[in-house]
Amino acid sequence: MELLYDYAWLIPVFPLLGAALVGVGLISFNQITNRLRQINAVFIIACLGASLTLSVALLWSQIQGHASYAYGFEWASAGEFRLQMGYVVDHLSALMLVIVTTVAFLVMIYTDGYMAHDPGYVRFYAYLSLFASSMLGLVISPNLVQVYIFWELVGMCSYLLIGFWYDRKAAADACQKAFVTNRVGDFGLLLGILGLYWATQSFDFGEIGARLQDLVNTGALSGAVAAFLAVLIFLGPVAKSAQFPLHVWLPDAMEGPTPISALIHAATMVAAGVFLIARMYPVFEPIPAAMDVIAWTGCFTAFLGATIALTQNDIKKGLAYSTISQLGYMVMAMGIGAYSAGLFHLMTHAYFKAMLFLCSGSVIHGMEGVVGHDPVLAQDMRVMGGLRKYMPITSATFLIGTLAICGIPPFAGFWSKDEILGLAFGANPALWLVGWGTAGLTAFYMFRMYFLTFEGGFRGNDQGKKDEVMAFYGLPSSESHGHHGHDPHESPWTMTLPLMALAVPSVLIGLVGRPWANQFEAFISAPGEVLEPLGEFDWSEFYVMAGSSIGVGLIGISLAILMYRQGKIDPATIANRFPALYRFSLNKWYFDDLYDRVFVQGSRRLARQIMEVDYKVIDGAVNLTGLVTLVSGEGLKYLENGRAQFYALIVFAAVLGFVIVFSVA
């Protein structure tokens, strides 16, 4: 068994090796490598499969009670400074390794069908493998420096994948937006890391928390400074996990291919933020101010994402705002001290959200034969409808994911979301109320998406509807959208097999966290937490809390049925009755407009003003100096004629001048 832990470092190395070899092939033998498309894909999938096998073995070993394992070596030293690198395998890292590898493995299988005709097929696989390697390296990192290295690698890979179709302006802009937004959070994280090292002289997670608490208790460090450093660290997860106010990059990231959308939203980039909060929990937990900031940020983000998702028509952007909302639940759980509940929701959400995104990709793939490759039409739910008849596997798995995220028992999302809401009620009823209302909004917008996409009549061959959608986005209408009369089709087995595989944990995995026999909490507990022996389970409290969350979900589902399935309530009438609220949601609370005006346009105005100062003041001063030098040089050259009489005359004139000046004075 120890041999397994000795070679745990190979988990991120296998996909890194796959990415490196395929990348060298693309650089050195581009045409040959691209012709061997599926051989490269099989090789990269096999590398990740090896990581998956090792990860499952490690998780099983940890479940069986094996002690945590850490390995380190000295990487840098200077005087008394020592920095170690290595890896750690404990309950948290073992769980995250399995989540990342299982989702990434299924996404890679799915990619073969989705990207089959894309000229960048092999390059996409290389990026995916590097992305998975970066996230796996982050998960097993034993200290903040190593985390930050892999944190930036995860970001870099996400930018490569978001802007994969870089010839599209929208994709290039989305990549740039993700990069700039994450720079803000990552700069805060870097300052927090340096500040914590200044205070504690350590980068190790456990030591930082213990030393920081001792410094605060002894008065050597003020509580305000400790809270400030903790909030700086939290800025990193705010950006990576798309929390308010740095959430704006995630919906635009949908410009990348759908497989990477699934990976980003389920198990890699956005999960990295929640994972870091969990790793830094010994720092956050003793600081009430920091915990309050985390809790309320998550709570507001959950509500914000849900209210925007209500009116989105792009199927991927609707799911993106859903991700923002669900991440808010996880962050709120961490902020109220519900450590295991937050990680439980991270696990369940990873599987059903990956499935929902892959389902959306299957829908887009099936729609492209009808509306063409225009992403506006292929992703807009207003030209879908009735797809259940054409895509039975996709529709069934999307329904399973919808029920899971809506918190309907016995699906996975019910157990994790209900646990968060129950603990929030005990911590702060105001947090519970917002989370409870958000659960109702979630049920409404998710079933709205399901009904618009899979139920009713198919609208994809209605040219009038297509033109209406194009006009909505301010784009010119055309009669050449797709192939009139064609029907959508189910996706190939490489795409439907991962959907069916992800449906299994979306239904069953929540059962490990049943509150009366919570095996997940027994396995994952906060550092230093001692679990009390379980007494008799309070069924009455469970029925009240679970019943309230199920009830608000059923209300949301019922409203969606009345509006989008039975047509008894007209959504357009409601939008016309409350136009300000409708536009507020449709325009994403105007955050993009505000940021564009304040930061983008403001930065450009500032740059223009600085350019004017540079041109008129700086350049003017330099040019004036040159002009003075030129004129004085031209004038003085006539004084240097080599005649002694002339020099004597100058000396006499100078002396005479001094005499006159001093005599007058």
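Take 443-456, 194-207 and order them by the average number of nearby Cβ atoms within 10 Å per residue, most first; the result is 443-456, 194-207. Each of residue 75 and residue 599 was given a label point 7 Å from its Cα along the Cα-to-Cβ line. The distance between the two points is 2.9 nm. Charging the Cβ of each Asp and Glu at -1 and of each Lys and Arg at +1, and nothing else, the dipole of the chain about its Cα centre rounds to 1400 debye. Using the empirical formula 2.2 N^0.38 Å as the baseline, the Cα radius of gyration of the stretch 352-458 reaches a ratio of 1.25.
Subtracting the Cα-Cα distance of residue 183 and residue 609 from their residue separation scaled by 0.36 nm leaves 150.9 nm.
Helix-only arithmetic for the chain: the sum of -39500 (n - 2.57) across DSSP H runs with n ≥ 4, divided by the residue total, places the mean residue ellipticity at 222 nm at -23500 deg cm²/dmol.
In degrees between 0 and 90, to the nearest 10, how far off the longest principal axis of the chain does helix 144-162 point, with axes built from Cα atoms? The angle comes out near 80 degrees.
In this simple spin-label model, placing a label point 7 Å from the Cα along the Cα-to-Cβ direction at both residue 194 and residue 622 gives a separation of 2.9 nm.
With a Förster radius of 51 Å, plug the Cβ-Cβ distance of residue 29 and residue 589 into 1/(1 + (r/R0)^6) and report the FRET value to the nearest 0.05.
The value I calculate is 0.55.
Does anyone have the angle between helix 644-664 and the longest principal axis of the chain? Alpha-carbon axes, 0 to 90°, nearest 10? Roughly 80 degrees between the two axes. Using a probe of 1.4 angstrom and keeping all protein chains present, the accessible surface of the chain works out to 43 square angstrom per residue.
Sparsely packed loop sites in the stretch 578-662 (the GluC sites (Glu not before Pro) outside DSSP H, G, I, E and B with at most 16 other Cβ atoms within 10 Å) comprise 640. Sorting the segments 507-516, 409-418, 219-228 by their residues' average number of neighbouring beta-carbon atoms within 10 angstrom, most packed first, yields 409-418, 507-516, 219-228. When the charge dipole of the stretch 10-147 is built from unit charges on Cβ atoms (+1 for Lys and Arg, -1 for Asp and Glu) and taken about the Cα centre, the candidate among 145, 58, 24 whose Cα reaches farthest toward its positive end is 24. Heavy-atom accessible surface of residue 336, to the nearest 10 Å², is about 40 Å², with a 1.4 Å probe and all protein chains retained. For the stretch 586-659, the set of trypsin sites (Lys or Arg not before Pro) satisfying both a DSSP loop assignment and a count of at most 16 other C-beta atoms within 10 Å is given as 637, 643. Note on residue 220 and residue 37: the extension gain reaches 59.8 nm, defined as 0.36 nm multiplied by sequence separation minus the Cα-Cα distance. Largest to smallest in accessible area, the residues 287, 32 fall in the order 32, 287 (1.4 Å probe, all protein chains included).
Each Lys and Arg adds +1 at its Cβ and each Asp and Glu adds -1 at its Cβ; summed about the Cα centre, the stretch 562-665 shows a dipole of about 720 debye. Applying the criteria of a DSSP loop state and at most 15 other Cβ atoms within 10 Å to the chymotrypsin sites (Phe, Trp or Tyr not before Pro) of the stretch 560-665 yields 638.
Relative to the longest principal axis of the Cα atoms of the chain, the long axis of helix 91-114 makes an angle of roughly 90 degrees. Annotation: peptides 69-78, 82-91, ranked by per-residue average of other Cβ atoms within 10 Å with the highest first, follow the order 82-91, 69-78.
Here the chain has 67 percent of its accessible surface on carbon and sulfur atoms, given a 1.4 Å probe and all protein chains in place. Counting every alpha-carbon pair across the stretch 386-445, the share separated by more than 15 Å comes to 56%.
Normalised by residue count, the chain yields a Cα convex hull volume of 274 Å³ per residue.
Can you find, among 11, 526, 221, the residue farthest towards the positive end of the dipole of the chain? Put +1 on the C-beta of Lys and Arg, -1 on that of Asp and Glu. Farthest along the dipole direction, towards plus: 11.
Rounded to the nearest 0.05, what FRET efficiency do residue 63 and residue 6 give with R0 = 22 Å and r taken as the Cβ-Cβ distance? Could you check? With R0 = 22 Å, the Cβ-Cβ based efficiency is 0.65.
Spatial offset of the stretch 299-342 relative to the stretch 243-282 amounts to 11 Å, using the alpha carbon center of each. Measuring r between the beta carbons of residue 558 and residue 581 and using R0 = 22 Å, the FRET efficiency lands at 0.60. Selection among 271, 289, 357 by position relative to the dipole of the stretch 242-394 gives 357 as farthest towards the positive end (Cβ unit charges, Cα centre).
Dipole size of the stretch 24-141 about its Cα centre, with +1 on Lys/Arg Cβ and -1 on Asp/Glu Cβ: approximately 320 debye, rounded to the nearest 20.
Relative to the present Cα-Cα distance, how much length would full extension add between residue 176 and residue 514 at 0.36 nm per residue of separation?
Using 0.36 nm per residue and subtracting the Cα-Cα distance, I get 117.4 nm.
Put 538, 167, 314 in order of accessible area, highest first, and with a 1.4 Å probe you get 167, 538, 314.
The values are calculated or read from the model by the stated rules, or taken from the named source; none is laboratory data. Not measured: the values here are computed from a predicted model. Here Cβ is always computed from backbone atoms with ideal geometry, including for glycine, and neighbour counts include all displayed protein chains. Accessible surface areas use protein heavy atoms only, side chains included; no ligands, DNA or RNA. Shrake-Rupley method; radii C 1.70, N 1.55, O 1.52, S 1.80 Å.
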